[in-house]
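Enquirer: Below are the structure tokens for one structure; questions will follow.
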Amino acid sequence: MSHYAVVAPPLYSHVKALQALALQLIERGHQVTFVQQFEARGLLSDSRIGFYPLGEQRLPAGSLAKTLTRAARPSGLGLVRLISDLARTTDMLCSELPAALEALGVDGLIVDQMEAAGGLVADALGLPYVSVACALPVNREPGLPLPVMPFAYSNSAQARHRYEVSETIYDWLMRPQARVIARHAQRLGLTSRHSLHECLSPLAQISQTPLALDFPRTVLPACFHAVGPLREPKPDTAKLSAHADMPRQPFVFASLGTLQGHRYRLFCKIAQACQQLNMPLLIAHCGGLNAAQVNQLKTYPATFVTDFADQRAVLEQARAVITHGGLNTVIDAVESATPMLAIPIAFDQPGVAARIAHHGIGQRVSRFSSASTVAKRLGRLLNNDAYQQRLHAMRAPLAQAGGAKQAADITEQALREQRPVLARVA
């Protein structure tokens, strides 16, 4: 069987999704090895998946922790430094990947859309590869805002101008990464490239985002496949009863993901909003809060706090979910038909929140809003069945998309045949 390398940014949610795809391939007899900076090894949780460390000289110990700290607070100077960190990682990978792939003897690559190095090096070495969008797809399209932008969808001339201006600003901010991509594309003898969307596979592009959740698209490549969530097998929902400290009646679930779980003040605001509605609340802070903060949150009436929860099981019982707009949580909420209140913070979260509002499956609110405003928006979700009805309509297409199994089928075919795998036409 074949040996595949995975190249992805060292972020928990991305690695978790790609691990689900990797395990599908391993169960079919393939060997899969993640290739990334040496400190990312701990993100993998299954010993069947290999890991090949890079960057021990270029990225000294502690580099990943600093990058993740900046990713958790991506504003001002922190955002500038984060972009530089990401560019430095791409530079390291472009320099060290060729020798690593030769040493591993891989037959093909699985490349996260958010890491340009995988596509650049694969093209230079003549290795087949597939691109995977663990976040909103980076594929650009005239008349659509970039996934990091908070704009509502519109085909008006004013909206299109806004999208174009914001794209120019984004590209200006991303200049450090653009320079790295351009330099290595030239060094590797490739055509001129400057951005992530120019480093995608011509064989297969796999996306977790259901088409029904995205804005209307008209120019996706024929090899683009929206397969839905890349997840490991769903756990038994009976595990939910193992949580001793959680509501036993209808409740709201709140999670801000692994990077933003430290936002104590925002959790307090959410607790105050639920208090105004007399609605029990379960908070999962993903290890971001200390004991004192947890104890203080528990002083709010009917507020339960845990570090981690079986999110998919919890969502099946929650009346609504308050989320930062992380794609994994949103897709889980669609799967369970749980209305969402999105409080986006960074990255593609504003774009995800805009799509939630566009499709009428939830509300969005600024993280700077008052607790009363949060309560008002949450009350709309709890008192209007239309949100859940729209979510129910999305469930069947999502279930039929195929998930990790379909992604593995596409990956096998693309890397074996080394020709485009065309999406089925509905």
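The values are calculated or read from the model by the stated rules, or taken from the named source; none is laboratory data. Note that the structure is a prediction, hence the values are computed from the model and not measured. Here the Cβ is made from the backbone with ideal geometry for all residues, glycine too, and neighbour counts use every protein chain on show.
Enquirer: Do you know which residues across segment 123-147 are touching a Gly at 6+ places or on another chain (Cβ under 8 Å) and either farther than 19 Å from A346 by Cα or surrounded by fewer than 21 Cβ atoms within 10 Å (Cβ to Cβ) (or both)?
Expert: A124, L127, P128, Y129, V130, S131, L146 - these are the residues of segment 123-147 that are touching a Gly at 6+ places or on another chain (Cβ under 8 Å) and either farther than 19 Å from A346 by Cα or surrounded by fewer than 21 Cβ atoms within 10 Å (Cβ to Cβ) (or both).
Enquirer: So which of L25, L43, L21 ends up being closer than 18 Å to D112 by Cα, hydrophobic (A, V, I, L, M, F, W, C) and without any contact (Cβ under 8 Å) to a residue 60 or more places away in the chain?
Expert: Just one listed residue meets the conditions, L43.
Enquirer: Determine which member of the set R179, R140 is assigned to a helix (DSSP H, G or I) and of a type in the set (K, R).
Expert: Values: R140 fails: assigned to a helix (DSSP H, G or I).
Among R179, R140, only R179 is assigned to a helix (DSSP H, G or I) and of a type in the set (K, R).
Enquirer: In segment 198-213, how many are part of a loop (DSSP other than H, G, I, E, B) and either modelled with pLDDT under 95 or over 13 Å from the mean Cα position of the chain (by Cα) (or both)?
Expert: Counting residues in segment 198-213 that are part of a loop (DSSP other than H, G, I, E, B) and either modelled with pLDDT under 95 or over 13 Å from the mean Cα position of the chain (by Cα) (or both) gives 7.
Enquirer: Does A407 meet the test of being aliphatic (A, V, I, L, M) and assigned by TED's automatic domain parsing to the domain that holds V138?
Expert: Numbers: aliphatic (A, V, I, L, M): yes; assigned by TED's automatic domain parsing to the domain that holds V138: yes.
Yes: the conditions hold for A407.
Enquirer: Looking at L97, L82, which is the one that is of a type in the set (A, V, I, L, M, F, W, C) and without any contact (Cβ under 8 Å) to a residue 24 or more places away in the chain? Walk me through how you get there before you give the answer.
Expert: On the way: L97 fails: without any contact (Cβ under 8 Å) to a residue 24 or more places away in the chain.
The match here is L82.
Enquirer: Here's another thing I want to ask about it. Within segment 45-81, track down each residue that is at positive phi, exposed (fewer than 14 other Cβ atoms within 10 Å of the Cβ) and over 23 Å from the mean Cα position of the chain (by Cα).
Expert: G62
Enquirer: Report yes if A309 is touching a residue at least 60 places away in the same chain (Cβ under 8 Å), not charged (D, E, K, R) and not assigned by TED's automatic domain parsing to the domain that holds T69, otherwise no.
Expert: Against the criterion (touching a residue at least 60 places away in the same chain (Cβ under 8 Å), not charged (D, E, K, R) and not assigned by TED's automatic domain parsing to the domain that holds T69), A309 qualifies.
Enquirer: Let me ask you something else. Kindly provide the set of residues from segment 319-338 that are assigned to a helix (DSSP H, G or I) and touching a Lys or Arg at 6+ places or on another chain (Cβ under 8 Å), ordered by number.
Expert: Scanning segment 319-338 gives N328, D332, V334, E335, S336.
Enquirer: Any idea which of S63, S2, S75 is out of contact with any strand residue (DSSP E or B) (no Cβ under 8 Å at 6 or more places or on another chain) and either closer than 27 Å to R416 by Cβ or assigned by TED's automatic domain parsing to the domain that holds Q413 (or both)?
Expert: One residue alone meets the criteria, S75.
Enquirer: With (1) touching a Ser or Thr at 6+ places or on another chain (Cβ under 9 Å); (2) under 25 Å from I206 (Cβ atoms); (3) in contact (Cβ under 8 Å) with a residue 24 or more places away in the chain as the list, and A342 as the residue in question, which single condition is left unmet?
Expert: (3) is the only condition that A342 fails.
Enquirer: Another question about this same structure. Given the conditions (1) touching a strand residue (DSSP E or B) at 6+ places or on another chain (Cβ under 6 Å); (2) closer than 30 Å to C223 by Cβ; (3) among the aliphatic types (A, V, I, L, M); (4) not in a helix (DSSP H, G or I), report the number of the one that L341 does not fulfil.
Expert: Failing condition for L341: (2).
Enquirer: So if I check each of A204, A222, A182, which one is in contact with a helix residue (DSSP H, G or I) (Cβ under 8 Å, 6 or more places away or on another chain) and of a type outside the set (F, W, Y)?
Expert: Checking each option against the conditions leaves just A204.
Enquirer: Still on this structure, I have one more. Here is a list: V305, V227, V252. Which entry is within 24 Å of L136 (Cβ to Cβ) and either crowded, with 17+ Cβ neighbours inside 10 Å or modelled with pLDDT under 95 (or both)?
Expert: On the way: V305 fails: within 24 Å of L136 (Cβ to Cβ); V252 fails: within 24 Å of L136 (Cβ to Cβ).
The unique qualifying residue is V227.
Enquirer: I would also like to ask the following. Report, by residue number, each residue of segment 1-38 that is farther than 13 Å from G50 by Cα, of a type in the set (A, V, I, L, M) and outside any helix (DSSP H, G or I).
Expert: Across segment 1-38, the qualifying residues are M1, A8, L11.
Enquirer: Still on this model: For the subset of segment 345-369 comprising residues that are within 21 Å of P216 (Cβ to Cβ) and small (G, A, S), which member is surrounded by the most Cβ atoms within 10 Å (Cβ to Cβ)?
Expert: G362
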